[in-house]
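Structure first, commentary second.
The values are calculated or read from the model by the stated rules, or taken from the named source; none is laboratory data. Since the structure is predicted, the reported quantities are computational estimates derived from the model, not experimental observations. Here the Cβ positions follow ideal geometry from the backbone for every residue, glycine too, while neighbour counts run over all protein chains shown. All accessible areas refer to the heavy atoms of the entire protein, side chains included, with ligands and DNA or RNA removed. Shrake-Rupley method; radii C 1.70, N 1.55, O 1.52, S 1.80 Å.
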Amino acid sequence: MKKDRIHLKAPGNWINDPNGFIYYKGLYHLFYQYFPYAPKWGTMHWGHAVSPDLVNWEHCGVALFPTRYEDQNGCFSGSAVEHDGKMYLYYTGVHYDVVNPENIHKNPNDRYESTQLMICSEDGFSFDNFNGKRVIIPPFSDREQADRTHTRDPKVWRGKDAWYMVLGSRMKDDRGQLLFYRSMDLIEWKPVSRVTKETTLGWMWECPDLFRTEGGDVLMLSPMGVVNDGKREANHAVCLPIEFDEHSCSVQFSENFQFVDYGLDLYAPQSTVDKDGRRVMIGWMRMPEAVEGRWRGMFCIPRVVERKGEHIYFRVHPNVEKAYQKQIASPAEAGKAGYRLSLDLKAGEMLDIGGYKIWRKGKRIITDRTAVFAAHDSWRMQAETPEIREGNHLDIYVDQNLIEIYVNNGEYVLSSVVYGLSTEIKGKPSGTWCLYAAESNM
């Protein structure tokens with residue numbers, strides 16, 4: 001099986017959303033949306049990868065694939081929990097109203113019905129796709145309640161005295177909403193509440209993830225249509241500090257939201273708790289073209305999520321930090337797993353990493369990938385953070401197809417997909433800077 005270090009990448013063909021992220025029986029399991037036949041979106045399966053440490057990954061093939069009427073046209077996103085030593089997967093099955101006669105993997109009018117299903121495994125590796133699936137929430141028929149098509153992505157967690165589920169959905173007036181359910185046995189689910197935000201935040205809320213941190217509750221969402229500037233994409237991952245009441249499943253929203261990543265390539269993040277109790281997140285990096293025509297889609301570095309007051313931080317997981325041990329003089333000395341560049345970047349200073357430009361303008365970090373993102377004019381070439389408050393420090397993780405910039409240890413993160421980076425670094429920041437390699441050990 002294919003192995004990756006640091007960044008988990010498509011084993012070939014296409015991947016998108018991370019699914020079923022869980023620490024289970026001594027391994028981190030990460031499932032993902034997977035089309036195994038071409039490097040383009042198609043009928044969704046669940047691919048599967050495992051890691052002992054969130055650094056070294058091994059792909060395990062296909063875990064879920066369509067077998068029922070309800071998931072005939074795809075096993076969409078979902079989550080995983082452990083109970084009594086078993087792994088329970090929850091996902092959305094889709095059945096197209098009409099199939100494109102020229103391409104059975106496409107739905108001409110984006111009309112289909114969505115069903116919530118579950119499947120259980122004794123070991124986290126074996127899934128009985130033909131006999132083990134069970135419908136837990138049928139498609140909605142009443143548009144006043146929720147959308148028949150756009151209700152999906154179950155995230156399940158253990159509360160104080162029951163199991164809870166949140167679904168992303170769409171209201172009749174084209175606002176995003178959340179649907180909350182409660183269960184005592186992980187099988188029978190009863191509706192508890194419907195929640196929306198008065199200020200419009202996209203027309204559908206994909207991939208909801210609600211969790212508690214030491215500093216308070218956090219909601220991550222991927223609202224569709226949240227940025228309409230004529231560029232790809234309009235759908236983006238956001239996070240909000242919230243107050244969540246478990247008994248009523250009510251949510252008090254903050255007035256403002258942050259983007260999870262200000263490069264605006266990251267989408268559909270999902271979190272779990274690592275073996276040491278940290279809340280850790282991973283997200284899909286959208287790619288406009290396949291690498292060498294073979295694979296398309298990868299995931300960001302696992303990030304620890306922390307809330308302090310009204311601000312949410314995304315920090316590099318300490319296991320990943322520890323992987324960069326060897327100091328090097330040039331990017332040419334780094335292995336396939338890439339390198340980390342650490343420096344302070346003050347106002348007016350600029351850095352060019354292999355054609356990818358980074359500079360500080362006032363209190364913002366700005367990037368431009370024009371030179372390493374050719375022929376993709378419909379995508380955004382420049383990105384910038386909000387005003388930073390906590391210093392000048394950058395930790396920049398460089399992969400051949402992804403650059404991740406962590407500002408002040410996660411105050412903000414800005415990541416960009418790139419193609420054709422060179423190994424030359426230009427620019428002269430006033431302070432010292434260091435390069436560290438993450439050599440492959442596989």
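Given the condition closer than 19 Å to PRO154 by Cβ, touching a Lys or Arg at 6+ places or on another chain (Cβ under 8 Å), open to solvent by less than 10 Å² (accessible area, probe 1.4 Å) and of a type outside the set (Asp, Glu), answer yes or no: does some residue in the stretch 70-77 qualify? Within the stretch 70-77, one or more residues are closer than 19 Å to PRO154 by Cβ, touching a Lys or Arg at 6+ places or on another chain (Cβ under 8 Å), open to solvent by less than 10 Å² (accessible area, probe 1.4 Å) and of a type outside the set (Asp, Glu). Within the stretch 380-395, the set of residues being open to solvent by less than 60 Å² (accessible area, probe 1.4 Å), in a loop (DSSP other than H, G, I, E, B) and of a type in the set (D, E, K, R) comprises just one member, ARG380.
Selection of the stretch 220-245 for residues being in contact with a Leu (Cβ under 9 Å, 6 or more places away or on another chain), in a strand (DSSP E or B) and of a type outside the set (Phe, Trp, Tyr) yields MET220, LEU221, PRO223, VAL238, CYS239, LEU240, PRO241, ILE242.
Of the residues making up the stretch 365-392, not one is in contact with an Asp or Glu (Cβ under 6 Å, 6 or more places away or on another chain) and at pLDDT below 95. One residue stands out in the stretch 275-293 among those that are free of Cβ contacts under 8 Å to residues at least 24 places away in the same chain and farther than 15 Å from PHE211 by Cβ: the one that is surrounded by the fewest Cβ atoms within 10 Å (Cβ to Cβ), namely GLU292. Do we have any residue at all in the stretch 91-109 that's assigned to a strand (DSSP E or B), on the phi > 0 side of the Ramachandran plot and either small (Gly, Ala, Ser) or buried (at least 20 other Cβ atoms within 10 Å of the Cβ) (or both)? No, the stretch 91-109 has no match at all.
Scanning the stretch 360-370 for residues that are open to solvent by 30 Å² or more (accessible area, probe 1.4 Å) and over 26 Å from the mean Cα position of the chain (by Cα) yields LYS361, GLY362, LYS363. Out of GLU321, GLU306, GLU333, one residue alone is more than 14 Å from LEU435 (Cα to Cα), of a type outside the set (Gly, Ala, Ser) and open to solvent by 30 Å² or more (accessible area, probe 1.4 Å). It is GLU306.
Inspect all residues belonging to the stretch 46-66 and state whether any of them is at negative phi, among the aromatic types (Phe, Trp, Tyr), touching a strand residue (DSSP E or B) at 6+ places or on another chain (Cβ under 6 Å) and surrounded by fewer than 21 Cβ atoms within 10 Å (Cβ to Cβ). Looking for residues that are at negative phi, among the aromatic types (Phe, Trp, Tyr), touching a strand residue (DSSP E or B) at 6+ places or on another chain (Cβ under 6 Å) and surrounded by fewer than 21 Cβ atoms within 10 Å (Cβ to Cβ), one finds at least one in the stretch 46-66, hence yes.
For (1) modelled with pLDDT of 95 or more; (2) under 17 Å from VAL166 (Cβ atoms); (3) of a type in the set (Phe, Trp, Tyr), each residue gets a yes or a no:
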site	(1), (2), (3)
PHE253	yes, yes, yes
THR272	yes, yes, no
ILE282	yes, no, no
PRO288	yes, no, no
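Listed by position, the strands (runs of 3 or more DSSP E) contained in the stretch 27-88 that have at least 1 residues being more than 18 Å from the chain's Cα centre (by Cα) and farther than 21 Å from GLY297 by Cα are 27-35, 75-83. In the stretch 102-118, the residues that are among the aromatic types (Phe, Trp, Tyr) form Cβ pairs under 9 Å with partners that are open to solvent by 30 Å² or more (accessible area, probe 1.4 Å), at six or more places apart or across chains, as follows: TYR112/ASP97; TYR112/VAL98; TYR112/ARG148. Looking across the stretch 396-417, just one residue is in a loop (DSSP other than H, G, I, E, B) and in contact with a Leu (Cβ under 7 Å, 6 or more places away or on another chain), and that is GLN400.
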